[in-house]
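The block underneath contains the structure these notes are about, expressed in structure tokens.
Readers should treat all values here as calculations from the given coordinates under stated rules, not as data from a laboratory. If you're wondering where the values come from, they're calculated on a predicted model, not measured in any experiment. We place every Cβ from the backbone using ideal geometry, glycine too, and count neighbours over all the protein chains shown.
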Amino acid sequence: MNIKAIVTAALVIGSSSLALARPYESQPAPQGGVTVQSTVDVRDHRTEQPEWTRPAPQPLPVVIQHPPILRTLANDTKINRTGRDMLTFARPMKLQSIKLQGETGKTSVSEVAIKFANGRQQIVQENKLLTKNGCIDIDLDGNVRSVTGIVIYGQSGARASFDVMGA
């Protein structure tokens with residue numbers, strides 16, 4: 001190593017240590033011969049953790065609710081001459097909603113009565129015309145109910161049929 005390199009390194013090291021050893025800086029004042037001393041604010045951030053290194057907050061859980069899966073309760077049914085169609089189940093079915101979906105022709109639905117396992121019933125006044133690819137949705141009272149039977153009142157056309165589905 002030559003002498004110029006050693007001298008240059010010593011000057012660089014010495015000047016940086018001088019800068020650290022002298023935290024006050026004198027500046028001449030613009031008025032008169034008074035000098036002003038200002039302090040250099042030296043901050044050491046080794047003890048506090050920067051914001052970008054802090055752990056991220058836990059993400060909120062994502063709850064995915066799928067639409068209920070429809071089950072066919074009665075296929076290609078129609079309201080008979082007495083003006084009603086009765087569906088009874090051998091054992092109670094857990095349902096949240098009932099859907100009447102038109103297959104062919106026209107069916108006039110005036111009322112739907114749902115019978116529950118606890119002996120109560122829910123009567124829904126519909127007064128709607130059920131046509132091909134049309135549907136009537138009925139939400140049951142309460143959350144999930146045990147259904148023992150469904151009675152649909154109205155009138156079906158000659159070639160009308162509809163499906164009864166539950167979710």
Q: Consider just the alpha-carbon atoms of the stretch 71-166 and return their Rg together with their Dmax, both in angstrom.
A: 12.5, 37
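Please rank D139, D85, D163, fewest neighbouring Cβ atoms within 10 Å first, as an exposure proxy. The partial results should precede the final answer.
Details: D139 11, D85 21, D163 17.
Lowest count first: D139, D163, D85.
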Q | Dipole in debye (nearest 20) - the stretch 71-166, about Cα centre, beta carbon charges: Lys, Arg +1; Asp, Glu -1 | A | 200
